2 protein chains.
Amino acid sequence: MGYYLAVSRRSVTSTTSLSGKVKMNAIRYRDKKLFYIDQRFLPLKEIWRECHHINSGYTAIKQLQVRGAPLIGVFAAYCICISIDSFSREKNQFFSDLFEAIDYLENARPTAVNLVWALKRIKQAALLKKDMPVAHIKKSICAEAKAIHKEDVLLCRRIAEHGVTLVEKGDRILTHCNTGFLATSGDGTALAIIYEAHKRQKEITVFADETRPLLQGSRLTAWELLKKRIPSFLITDSMAAPLMRNKKIDKVFVGADRIAANGDVANKIGTYGLAVLAYHHHIPFYVAAPSSTFDLSIKNGNNIPIEHRDMDEVRKVLGKVSIAPPDIPACNPAFDITPYRLITAIVSDRGILYPPFKKNIRELITDNQNPMVNQV
Amino acid sequence: MGYYLAVSRRSVTSTTSLSGKVKMNAIRYRDKKLFYIDQRFLPLKEIWRECHHINSGYTAIKQLQVRGAPLIGVFAAYCICISIDSFSREKNQFFSDLFEAIDYLENARPTAVNLVWALKRIKQAALLKKDMPVAHIKKSICAEAKAIHKEDVLLCRRIAEHGVTLVEKGDRILTHCNTGFLATSGDGTALAIIYEAHKRQKEITVFADETRPLLQGSRLTAWELLKKRIPSFLITDSMAAPLMRNKKIDKVFVGADRIAANGDVANKIGTYGLAVLAYHHHIPFYVAAPSSTFDLSIKNGNNIPIEHRDMDEVRKVLGKVSIAPPDIPACNPAFDITPYRLITAIVSDRGILYPPFKKNIRELITDNQNPMVNQV
């Protein structure tokens with residue numbers, strides 16, 4: 001790992017804000033320069049940083065400066081691009097440097113499947129050209145990173161285009177957690193549909209759940225919605241129910257972490273409660289996710305393991321402000337399971353799935369799955 | 001108001017912690033000394049203060065050091081008791097001082113109905129003895145304050161005794177907001193039932209909703225449950241749904257702010273969602289409230305006005321920590337309405353009410369209502 005240290009440590013520097021542009025992204029890559037929003041400071045500060053090398057890329061992923069599984073994959077691939085000019089020009093040593101860099105980056109978040117998957121694609125692209133000159137291999141690596149990026153953007157685009165057909169003029173849409181351009185390298189999943197509806201002047205209003213305990217709704221989704229200038233209201237998670245009862249919500253759109261073969265959906269804690277409430281109030285409940293989110297090896301939601309996280313996420317806010325006695329036990333399941341019976345339709349990049357989900361999922365989803373676009 | 005300023009300003013001083021005792025209270029009155037827990041510092045610090053005079057009592061109510069409608073009423077009555085020795089010994093001037101003090105205290109929280117009601121009782125007790133010597137009037141005032149206190153404790157006691165019959169051995173009970181000894185001068189309403197069940201060794205477990213936005217659940221209820229040594233878990237409001245789905249909740253007990261003639265219940269935001277979820281999962285949903293909470297002049301829940309509070313309560317935590325963009329609009333209804341159809345039974349001090357609520361409420365609740373025990 002020695003050579004990383006030899007390279008410039010000016011890894012983290014601010015650049016000017018890129019706000020105000022119509023097209024929003026959490027990362028930018030141009031002319032071998034990689035920029036990203038440091039998401040730790042959102043929503044209060046929009047700080048753009050430049051990633052100068054593997055080291056700063058590793059730190060950015062590790063410290064959750066860059067988050068969202070699809071986004072991390074794209075970001076890691078670009079981290080290799082901006083670093084290869086510092087690798088050896090001698091081919092054997094070049095490959096040694098490349099593999100070392102890939103191993104290093106993979107460890108930034110060992111459980112992030114998209115990170116491993118994207119770096120594996122970079123490795124394969126390099127190996128495919130192993131008989132060519134180093135300069136040629138480098139070009140191939142950068143082309144592959146751009147391809148990964150382009151594919152992710154395209155998946156989001158397709159979800160948005162299918163999903164927007166479900167939105168009617170004047171719809172008031174409830175959403176949960178963050179499923180937008182801060183979680184993917186495109187416009188997102190559920191939020192991408194909302195952005196497309198707004199772009200097509202459907203005069204929508206959005207209600208964003210704050211999404212305790214980690215507040216992805218108030219910190220990230222509220223910030224995205226403001227950036228996109230979409231009429232929006234932030235609510236606590238418990239306010240969705242009376243809004244539905246008072247006929248203020250027409251549709252619910254959420255993302256998904258994993259979808260079982262029968263259509264059961266694992267998603268951010270709070271999703272299941274919203275689904276029950278929507279069902280009770282006869283409000284359509286839509287899940288938006290790329291085809292890679294479907295896991296046909298899992299029969300139903302009962303077989304999806306649920307991650308239980310640190311109790312302090314419930315006892316504190318923003319990881320530091322205590323809101324409860326420090327010794328009260330807390331539950332902290334990060335996800336919950338929404339049974340397929342409560343879901344009106346699932347919007348994927350390949351089209352909209354309606355019940356019977358088991359049959360329709362089997363037909364639409366082949367095993368040529370792309371793990372880039374799992375939600376986080 | 002001048003004479004208030006002439007009196008000692010050593011209004012707020014800490015006393016030793018009274019924790020560890022079996023009987024818990026948020027206020028203590030003994031030998032013309034009034035102590036209270038400064039609830040602003042809960043759950044991280046249990047600071048007991050002595051209230052030395054009207055001034056410090058006014059400040060304590062105004063700054064929410066003492067909160068909970070029934071508790072405020074009792075506290076204000078005792079504030080008069082500890083102050084009367086500084087009033088004039090000449091009878092006319094004594095009454096003038098007394099009325100001035102009452103008017104002053106009433107303005108600490110002008111909308112708190114219990115505050116006005118308790119002070120009115122103090123005034124009437126004094127006027128009833130207006131032909132007697134001042135010393136006699138003073139005794140009468142203090143006796144009335146103690147009576148108000150005793151009545152509040154008794155109402156809580158009766159609710160607990162009726163409600164505990166609904167609790168079975170091993171029950172896992174979900175509760176919302178704070179309805180315990182920090183909100184009343186007794187053991188509370190919904191929490192009083194839980195305390196009684198624990199005392200009777202029913203081996204219960206409690207799940208406490210944190211109750212965003214003001215976090216009465218994590219700040220106050222979690223603290224009370226720890227004090228009472230009841231096996232408990234703190235959860236975010238959105239975790240109730242999967243707990244119910246996974247058969248971890250046997251019963252729900254909540255308080256009430258106001259109950260309409262048909263049994264519709266206004267209570268802390270989040271209550272309605274819990275009621276829908278309980279209904280969906282076939283879990284009994286109980287409301288605990290004193291008979292004074294019933295407002296027979298209100299036909300149904302649609303006629304109960306809902307207070308909408310400052311947006312910053314949603315955009316911030318604990319009134320200071322920003323968790324959202326400062327310019328995102330937020331909804332902040334403080335209460336919601338639970339229709340009677342979702343309620344299994346209402347536990348009052350006069351007994352347990354079952355459907356048909358309209359008929360049974362009319363029969364059980366006379367117009368001789370005591371506003372002391374409304375929830376806040």
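The values are calculated or read from the model by the stated rules, or taken from the named source; none is laboratory data. This one's a predicted model, so the numbers in the text were calculated from it and none came from an experiment. As a convention, Cβ positions derive from the backbone with ideal geometry for all residues, glycine included, and neighbour counts pool all protein chains shown. When the accessible area is computed, the model is the full protein with side chains, heavy atoms only, and any ligands, DNA or RNA have been set aside. Shrake-Rupley method; radii C 1.70, N 1.55, O 1.52, S 1.80 Å.
Residues are listed down the side, and each one gets a yes or a no for (1) modelled with pLDDT under 95; (2) farther than 27 Å from B:Asn267 by Cβ:
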position	(1), (2)
B:Lys130	no, yes
B:Val134	no, yes
B:Lys146	no, yes
B:Gly170	no, no
B:His176	no, no
B:Gly180	no, no
B:Ser185	yes, no
B:Gln201	no, yes
**Item:** Exclusive hit being charged (D, E, K, R) and within 30 Å of A:Pro231 (Cα to Cα), set B:Lys299, B:Lys320
**Value:** B:Lys320
**Qualifying residues in region B:29-45 (those that are open to solvent by 50 Å² or more (accessible area, probe 1.4 Å) and in a loop (DSSP other than H, G, I, E, B)) - the one nearest to A:Ser322 (Cα to Cα)** = B:Leu44
**Item:** Scope region A:20-37; condition of a type outside the set (A, V, I, L, M) and modelled with pLDDT of 95 or more; matching residues
**Value:** A:Arg28, A:Tyr29, A:Lys33, A:Phe35, A:Tyr36
**Prompt:** Quick one: in region A:328-349, which of the residues that are facing chain B (nearest Cβ under 7 Å) and part of a loop (DSSP other than H, G, I, E, B) is surrounded by the most Cβ atoms within 10 Å (Cβ to Cβ)?
**Reply:** A:Ile328
**Asked** Looking at (1) assigned to a helix (DSSP H, G or I); (2) in contact (Cβ under 8 Å) with a residue 60 or more places away in the chain, which is the one condition that is false for A:Arg67?
**Response** (1)
**Request:** From A:Lys227, A:Lys199, grab the single residue that is within 14 Å of chain B (Cβ to nearest Cβ), basic (Lys, Arg), surrounded by fewer than 23 Cβ atoms within 10 Å (Cβ to Cβ) and under 14 Å from A:Met24 (Cα atoms).
**Result:** A:Lys227
**Request:** Considering every residue within region A:83-92, establish whether at least one is open to solvent by 50 Å² or more (accessible area, probe 1.4 Å) and among the small types (Gly, Ala, Ser).
**Result:** yes
**Request:** Return yes when A:Asn246 is polar (S, T, N, Q) and away from every other protein chain (no Cβ under 14 Å) and no when it is not.
**Result:** no
**Asked** Looking at region A:170-249, what helices (runs of 4 or more DSSP H) fall wholly within it and have at least 1 residues that are in contact with a Cys (Cβ under 9 Å, 6 or more places away or on another chain)?
**Response** A:190-199, A:240-245
**Asked** Which residues, counting only those in region A:39-51, are within 23 Å of A:Tyr104 (Cα to Cα) and modelled with pLDDT under 95?
**Response** A:Gln39, A:Arg40
**Message:** Within region B:299-327, take every residue that is among the hydrophobic types (A, V, I, L, M, F, W, C) and closer than 24 Å to B:Leu342 by Cβ and give me the one that is surrounded by the most Cβ atoms within 10 Å (Cβ to Cβ).
**Reply:** B:Ile304
**Request:** Kindly indicate the residue of region B:249-298 that is open to solvent by less than 10 Å² (accessible area, probe 1.4 Å) and on the phi > 0 side of the Ramachandran plot and also farthest from the other protein chains (Cβ to nearest Cβ) among those meeting that condition.
**Result:** B:Gly263
